[in-house]
Amino acid sequence: MIDQDKISNAVSAIIEALGEDPSREGLQDTPRRVAEMYAEFFSGIDADPAEVLATGFEEGHRELVVLRDIPFFSICEHHFLPFFGSVHVGYIPKGRVVGASKLARALDILARRPQIQERLTDQLVEALNKTLEPDGVAAVISAEHMCMSLRGVKKPGSRIITSSARGRLKTQTADRQEFFDLLGEIR
Ligand SMILES: [Zn+2]
């Protein structure tokens with residue numbers, strides 16, 4: 001459970017530490033707003049993506065399924081700044097398939113935690129592997145990180161691409177090739 005009062009007090013302390021006046025008009029509701037925003041950003045901390053994916057359905061399909069260009073945003077745990085972009089998922093069902101909206105909700109649960117992109121990619125693949133028990137599953141995430149764009153190396157527009165795979169999409173070259181062919185150029 002997220003303690004919004006505690007976040008609000010901490011934000012007031014940051015405002016004071018900046019030498020600003022937390023009681024001035026523009027800032028007086030800021031701690032509460034930030035606390036509400038964090039509660040939304042981190043709403044996935046106590047949620048389980050497997051519960052959402054458990055409502056997949058049986059289907060005779062045994063060929064590769066690709067869901068591409070699923071938009072997402074998450075918060076980098078090193079700087080508490082957003083990273084965002086798109087997620088591409090492929091899996092080879094062994095009977096169970098999942099709807100695009102369920103997959104998007106599972107992704108949001110994992111994204112709405114203090115995250116790093118590599119772990120998000122891996123957790124998504126693991127959640128799908130556990131719940132659908134497919135012959136293979138893979139995910140590719142392409143994202144821009146505000147901590148790279150706004151601070152530090154200041155390279156807006158640069159993206160990080162991560163991938164993770166299990167089963168045939170990890171071990172079988174032909175299956176991997178089909179997946180990446182279907183994805184086409186990743187931006
Ligand atoms: Zn960062």
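Every read-out reported here was derived from the displayed coordinates using simple, explicitly stated rules and does not represent laboratory data. As the structure is a prediction and not an experimental result, all values here were calculated from the model.
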Taking 0.36 nm per residue of separation and subtracting the Cα-Cα distance, what length does fully extending Glu20 through Asp181 add? 52.6 nm
For region 44-85: rounded, prolate or oblate by the Cα gyration tensor [a/c cutoff 1.5]: oblate
So how many Å³ per residue does the convex hull of the Cα atoms of the chain work out to? 121
If you find the alpha carbon centre of region 110-130 and of region 25-86, how far apart are they in angstrom? 10
